[in-house]
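The values are calculated or read from the model by the stated rules, or taken from the named source; none is laboratory data. Remember, it's a predicted structure, so these values are computed and weren't measured experimentally. Don't worry about glycine lacking a Cβ; one is built from the backbone with ideal geometry, like all the others, and counts go over all protein chains shown. Each accessible area value is taken on the protein alone, full model and side chains, heavy atoms only, with ligands, DNA and RNA left out. Shrake-Rupley method; radii C 1.70, N 1.55, O 1.52, S 1.80 Å.
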Amino acid sequence: MYSFDMESPSTVADAAKALGQDEAQALGGGQTLIPTLKQRLASPSVLVSLAGIAEMKGVCTADDGSLAIGGGTTHATVAAEAGAYAALAALAGNIGDPAVRNRGTIGGSLANNDPSACYPSAALGSGATIVTNKREIAADDYFQGMFATALDEGEIITEVRFPVPEKASYMKFEQPASRFALVGVFVAKYADGVRVAVTGASEEGVYRWSEAEAALSANFSADAVPAAPSGDGMISDLHASGDYRAHLVGVMTKRAVAAAS
Amino acid sequence: MPKDQGIGASTKRREDVRFLTGAGNYTDDINVHGQAYVHFLRSDVAHGTINGINTSAAEGMPGVVRIFTGADFEGVGGLPCGWQVTDKNGEPMQEPAHPVLAQGKVRHVGDPIAAVVADSLEEARNAAEAIELDITELDPVVDMKAAVAGGAKVHDDLSSNLCYDWQFGSETEAVEKAFAEAAHVTTLELVNQRMVANPMEPRVAVGDYSRANDESTLYTTSQNPHVIRLLMGAFVLGIPEHKLRVVAPDVGGGFGTKIFHYAEEAFCTFAAKACNRAVKWTASRSEAFMSDAHGRDHVTTIKLALDKDNNFTAVHTDTYANMGAYLSTFAPSVPTWLHGTLMAGNYKTPNVQVNVKAVFTTTVPVDAYRGAGRPEATFQLERVIDKAARELGLDPIALRRQNFVTQFPYATPVAVEYDTGDYHATMDKMEELIDVKGFAARRAESEKRGKLRGLGINCFIEACGIAPSNLVGQLGARAGLYDAATVRVNATGSISVMVGAHSHGQGHETAFPQVVAEMLGIDENMIDIVHGDSSKIPFGMGTYGSRSIAVCGSAMVRATEKIINKAKKIASHLLEASEADIELKDGQFSVAGTDKSVAWGDVTLAAYVPHNYPLEDIEPGLEETAFYDPANFTYPAGAYACEVEVDPDTGAVDLVAFVSADDFGNVINPMIVEGQVHGGIAQGIGQALLENCAYDENGQLLSASYMDYAMPRADDLPNMANYRVDHSCQTPCTHNPLGVKGCGEAGAIGSPPTVINAIVDALQSGGHKVDHIDMPATPQRVWEAMNG
Amino acid sequence: MAEVTMTVNGKSVTKSVKGNTLMTDFLREELRLTGTHVGCDTSQCGACVIHVNGQAVKSCTMFAAEADGAEVATIEGQANADGSLSVIQAAFQEHHGLQCGFCTPGMVMSAAALLKENPKPTEAEVRDYLEGNICRCTGYHNIVKAIMAASGQDVSSIAAE
């Protein structure tokens, strides 16, 4: 690792100020960033740990009925405390492994937007609102391709608000080594329609499968899931071809619909 | 009633206490006062000419002690190869130089180019980034068949990329005749994919040097510290053995990959003297992936001939075996003598011919990995037999049984002689454990849930207890493979046994004392094993090839026999009786037919405090050394079975049951033996379903971390209720004193074809005409096989 | 450099650390608690698992500065006060749940965290919980057995011999 200093502010305001320094970088749970630093693929001058900011932690139900999760909330806490949105709690409880879930945070995961991470599919599939220290961003506007988001430099995810659907489920087909999603499909049925978000599959990162959404909004059953999408534009790597990933998108969507509760 | 100590007892492991409390002493736990750290600058291209290395900027960086390049090793020896194969024309294999740091060319991603020694690791890494490399990329050499067809050469001074073209076994004419006369011939092309051994402890080396007495010490993660001392001292650095100490303390797993002599350990030893300062290297896991010798990587076409009565009449194989960029220590022996000699399997096939082309490529060197050659042989043979059974509509168990060797000793057409075995017995046991009769009902139940269920069975034999020195010398080994033990009895009767075997998970510290305790009739806890330090042990060839108890254990028995003989002499003097009348039982020496006896401790005390002692007849002291050279290999064998469920929607394979029936001969500690089988099976299942060391066409390593190399996890393996390992079939080895055969590799040898046979069976049951699936049988491969 | 204070295995420790000092390096090099091991660099093998404020974490994927003020437990603090093996450690020995011992500290620490959360886990729950702990020697069979036995469950009838 290159050398850097560590700052541990206790308020969002102080963190934002610290992140204003040259080459400053936010440290959430560090479960992706620290391995990256070890490989010397990043060289911040100062890491700003968000772990000590109490106002960014916790799970609660907001006035509008949505589930509000602080950006610094760990996966383990979401798994334990997001019972109001069972599919989301289940997703969080199956990210990485127990030790990773005790450190990794929702804000960190969404800020990184790994194309194979689980949380982006939940946020996009739920039409969540990403709340930062500066603004609120709709999930549909937030995800901008692999590892790319609408966040500005130094902007901090303080909270994520999930509208709670009537039914939802997340189905992950794991990449056998990393246990990230080879393909993950998040299906959520709301009063005004169904959202289907796919992670792990596309070269553009997490995306909504609009054909499936239309079909499922008309008839929410596994049989209604359309034929699997084309493999064009799907990730093709050591672990799976684009065509196989596309096939899995279809299978996992059906299974998510069948399991939705 | 199970025994509570001695041979056959499941004595709990004494070494566990330190490992469970964090008190183990692994190489990375060792810091030498004032040590510096080395970081290796490694090639990021597969193949290239080094035009220049400019270290001037880096040398001025903070903390830098010294920067080494290949030029610093001119005049120093290269890493030696311990085995020479003679090709089918009687010519020696092509043997390239293997410099400690690259000279002139880089030949694989990870090839070390420069080494930066600095006060801290981060400073070394900083300086390495400031080294300017001028490398002209050359065409990578990745595909083995293309590599021997022409194109770029990995080593410009060799005539081609072919290391050797080897032929072994029955005469060509006889084999061709058998195929011509066959009623049926089954052919199969298959890949035994490249694997990475991945012991959980990455390799570490700490070199130290004492100016006071010109002595070098190397602490290293090795399975065989004496072999490293011999190879590094004599062939690389020119340090006489009495000036070189090699210590392998607690070692966190080996699986073959810590047998070999590596550049990094030679470098640390060399640099410690050059810098007059201890130098430490600790591999990161990413570094391990591109510097640990890999395993397997064979591409084979196998043909099996059967007569009209379904007797096997001939086996013929053509294999391409990847050597990687250089010859690792034992690399040439793996596809030849550890593979060709096992190609008869458990069967009395009269004609067996094995052909192997070993090929240089611009990839990490390939050498022995758990099983080494024998998994490759078993996989080919057992897959082609399964395919033949299917083609002929025969029961795969009956076809195997019909062709079993049943008369022992049995001389195969591939040079080895099986001393003993009972293949029907292990097959019977396997059939009982997996409940073959109940399979149809289980399959029907799986089908109700939309799953395809398959049953796979497999037999195997291996050659262990490596190895009879005279024989392996004729086969090209440049060193004998005996082992040694010294039994040192102290005055108060406690014992230190210095053994050449090295324990890195096998539990020698517990199992070896069980043998000595049994022979002497004393408490196991009076006996300690000393291993892993060349300064404390006379000699030893280390631990690999399931050899420790069969070879080193036999040496220990011989040394203990010498102790008993001498102790009886002393006892006869103390008891004033004839030596011939002295009996040793339960730690007491007694005079036959009398009530006169003397205890173990009295005899040992007399040996060291010889007040009343026949000094003119017997020397004082009680310490004996024995070297043991086995008369033959040992031949563990077994029958394995498993059941899989395939999800037809995704191709995912769920391993729902696995059983093994092994014949290891006599067993010293059943608990430890079963543990070895558990681990071997998990690695074999890993090979069958998960693990794959892959290169792209540019020679870039794609699976270079645990993010991409799929290690088996707890939830990848069968549940306890559907998993059995059995070793109750025991035909003791006929030529070593303990009747033991070795158990370390069986699981890894027997399990891969078992799993693939089961998957093919499952797919066939769903109407898919699938003959074979290459490993690892990933969901995509299975799904494509079903839908291709 | 910044000063950190934490409690490690019940003892208070204050040291100056650099921002980039990993918790593993702090334990191994600064405190010479070498029972915590490093088996990978991508946060997967779990040989480095410790407890921070009662929760299992991978100490190779956490900075020492982040543990300022924390209660830290490592493998060296797991034995009983009289030095005898804890229930979990004893079960690992009894059921041969370790071979080379390198992954063992992380396994024991994960097992302890699991049994605290879930005192009577099923076999499937044990296997699932060990997702972040890789063992190359044992095939996990005896590790799973040891953890279930440590939870007070009778493993003799379901476990293979």
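Could you give the angle, 0 to 90 degrees to the nearest 10, between helix C:141-150's Cα long axis and the longest principal axis of the Cα atoms of chain C?
Once rounded, the angle reads 80 degrees.
So which helices of chain B fit the span-like rule, where a helix is a whole DSSP H run, its Cα atoms reach 24 Å or more along the axis, and its mean Kyte-Doolittle is at least 0.0?
B:670-689, B:746-765
Please list 3J(HN,Hα) in residue order for region A:212-221, calculated via the Karplus relation 6.51 cos²θ - 1.76 cosθ + 1.60 where θ = phi - 60°; whole Hz, with x for glycine and proline.
Karplus values, whole Hz, x for Gly and Pro: 5, 4, 5, 5, 6, 5, 7, 8, 7, 8.
Can you pull out the chymotrypsin sites (Phe, Trp or Tyr not before Pro) in region A:58-160 that DSSP calls coil and that have at most 16 other Cβ atoms within 10 Å?
Those satisfying the criteria are A:Phe147.
Rounded to the nearest 500 deg cm²/dmol, what is the calculated helix-only ellipticity per residue at 222 nm for chain B, with -39500 (n - 2.57) per DSSP H run of length n ≥ 4?
Rounded to the nearest 500, the figure is -8000 deg cm²/dmol.
Working from the pairwise distances between different alpha carbons, so that the mean of 1/r is found and then inverted, what is region C:34-161's Kirkwood radius in Å?
14.8 Å
Rounded to the nearest 20 Debye, what is the dipole magnitude of region B:482-628 about its Cα centre when Lys and Arg each give +1 and Asp and Glu each give -1 at the C-beta?
380 debye
Let a ≥ b ≥ c be the square roots of the eigenvalues of the Cα gyration tensor of region A:5-49; is it rounded (a/c under 1.5), or, if not, prolate (a/b larger than b/c) or oblate?
oblate
Between chains C and A, what is the buried accessible area summed over both chains (1.4 Å probe, protein heavy atoms, nearest 100 Å²)?
So the buried area, both faces added, is about 2100 Å².
Over region A:167-259, what percent of the accessible surface lies on carbon and sulfur atoms, probe 1.4 Å?
Heavy-atom surface of region A:167-259 belonging to carbon and sulfur, 1.4 Å probe: 48 percent.
What average count of beta carbons from other chains do you get within 10 Å of the Cβ of residues in B:779-786?
Per residue, the number of nearby Cβ atoms from other chains is 4 on average.
Where does chain A land at 222 nm, in deg cm²/dmol rounded to the nearest 500, when only DSSP H runs of n ≥ 4 count, each adding -39500 (n - 2.57), divided by all residues?
Rounded to the nearest 500, it is -7500 deg cm²/dmol.
Using modelled backbone amide H atoms (1.01 Å from N, in-plane), which distant-in-sequence or interchain residues come within less than 5 Å of A:Met6's amide H?
Amide H to amide H, under 5 Å and 5 or more residues apart or across chains, A:Met6 pairs with A:Leu47, C:Gly19.
Considering every residue in C:123-131, what mean count of other chain Cβ atoms within 10 Å of its Cβ is obtained?
5
How many percent of DSSP beta bridges within chain B run antiparallel, rounded to 5?
Once the DSSP bridges in chain B are tallied, antiparallel ones form about 80 percent.
Take the alpha carbon gyration tensor of region A:60-219, find the square roots of its eigenvalues, order them as a ≥ b ≥ c, and report rounded if a/c is under 1.5; if not, report prolate when a/b exceeds b/c, else oblate.
Rounded, because the longest to shortest axis ratio a/c is under 1.5.
Looking at the protein assembly as shown, what % of its DSSP beta bridges pair antiparallel, to the nearest 5?
80 percent
Per the helix-only calculation at 222 nm, which mean residue ellipticity applies to chain C, given -39500 (n - 2.57) for every DSSP H run of n ≥ 4 and division by its residues, nearest 500 deg cm²/dmol?
-7000 deg cm²/dmol
Compute the relative contact order of region A:5-49 as a whole-number percentage, counting only Cα pairs closer than 8 Å that sit 6 or more residues apart in sequence.
Answer for region A:5-49 is 55 percent.
Sort C:Met109, B:Met61 by heavy-atom solvent-accessible area, probe 1.4 angstrom, most to least.
Descending accessible area places them as B:Met61, C:Met109.
Just the number, please: carbon plus sulfur as a percent of the accessible area of region C:2-77, 1.4 Å probe, no ligands or DNA/RNA counted.
Its accessible area is 42 percent carbon and sulfur atoms.
Apply the Karplus parameterisation 6.51 cos²θ - 1.76 cosθ + 1.60, with θ equal to phi minus 60°, to every residue of region B:491-507 and state each ³J(HN,Hα) to the nearest whole Hz, in sequence, with x for glycine and proline.
Each residue's phi maps through the Karplus curve to give 4, 8, x, 6, 9, 10, 10, 8, 10, x, 5, 10, 9, 10, x, 7, x Hz.
Using a 1.4 Å probe, what is the accessible area per residue for the protein assembly as shown, in Å²?
Counting only protein heavy atoms, the per-residue value for the protein assembly as shown is 33 Å².
Mind running the shape call on chain B? Use the C-alpha gyration tensor, a ≥ b ≥ c as the square roots of the eigenvalues: rounded below 1.5 for a/c, prolate if a/b tops b/c, oblate otherwise.
The shape class here is oblate.
Peptide A:31-37: average number of partner chain Cβ atoms within 10 Å per residue?
For peptide A:31-37, the averaged partner shielding equals 5.
With a 1.4 Å probe and every protein chain kept in, tell me what percent of the accessible surface of region A:56-162 is carbon plus sulfur.
45 percent
Residues with amide H under 5 Å of B:Ser170's amide H, sequence separation 5 or more or different chain, H placed in the peptide plane at 1.01 Å from N; which?
So B:Ser170 has HN proximity to B:Val352, B:Gln353, B:Val354.
Ratio of Rg to Rh for the protein assembly as shown, alpha carbon only, Kirkwood?
Rg/Rh for the protein assembly as shown comes to 0.97.
Pop out a list of residues from region C:75-101 that are at least 40 Å² less accessible with all the protein chains around than in their chain alone; 1.4 Å probe, no ligands or nucleic acids counted.
SASA drop of 40 Å² or more in region C:75-101: C:Leu85, C:Gln93, C:Glu94, C:His96, C:Leu98, C:Gln99, C:Cys100.
Mind checking region A:23-121 for GluC sites (Glu not before Pro) that DSSP puts in a loop (not H, G, I, E or B) and that have at most 12 other Cβ atoms within 10 Å?
A:Glu23
What share of the DSSP beta bridges in region A:1-106 is antiparallel, in percent to the nearest 5?
Within region A:1-106, antiparallel bridges account for around 35 percent of the total.
Say a site is exposed when it is one of the GluC sites (Glu not before Pro), sits in a DSSP loop, and has at most 13 other Cβ atoms within 10 Å; what is then the longest site-free stretch of chain B?
Result, exposed sites excluded: B:182-575.
With only alpha-carbon atoms counted, please give the Rg and Dmax of region A:167-259, in Å.
Considering region A:167-259 through its Cα atoms, Rg and Dmax are 12.4, 40 Å.
DSSP loop trypsin sites (Lys or Arg not before Pro) in region B:190-261 with at most 16 other Cβ atoms within 10 Å of their Cβ, which ones?
Filter output for region B:190-261: B:Arg211.
Interface C/B, total buried accessible area with a 1.4 Å probe, nearest 100 Å²?
4600 Å²
For region C:2-77, what's the radius of gyration and Dmax over Cα atoms, in angstrom?
Answer for region C:2-77, Rg first and Dmax second: 11.0, 30 Å.
Quick one: Karplus J couplings for region B:68-81, per residue in order, coefficients 6.51, -1.76, 1.60, θ = phi - 60°, nearest Hz, x for Gly and Pro?
These are the phi-based 3J(HN,Hα) values: 10, 10, x, 4, 5, 10, 5, x, 9, x, x, 6, x, 9 Hz.
Using only Cα atoms, tell me the angle between helix C:104-117 and the longest principal axis of chain C; keep it within 0 to 90° and round to the nearest 10.
Compared with the principal axis, the helix lies near 80 degrees.
Looking at this model, which pairs from B:Lys145/B:Lys177; A:Lys172/C:Lys120; B:Lys387/B:Lys437 are more than 24 angstrom apart at the alpha-carbon?
B:Lys145/B:Lys177; A:Lys172/C:Lys120, as the Cα separations exceed 24 Å there.
Mind checking which of B:Gly493, B:Cys459, B:Ser446 is farthest towards the positive end of region B:415-532's charge dipole, using Cβ charges of +1 (Lys, Arg) and -1 (Asp, Glu) about the Cα centre?
B:Ser446
Which whole-number percent gives the relative contact order of chain B, counting Cα pairs below 8 Å spaced six or more residues apart?
Value for chain B: 15 percent.
Relative to the longest principal axis of chain A, what angle (0 to 90°, nearest 10) does the C-alpha long axis of helix A:242-259 take?
The two axes meet at around 80 degrees.
Can you give the charge dipole size of region C:49-133 about its Cα centre, rounded to the nearest 20 debye, using +1 on the beta carbon of Lys and Arg and -1 on the beta carbon of Asp and Glu?
120 debye
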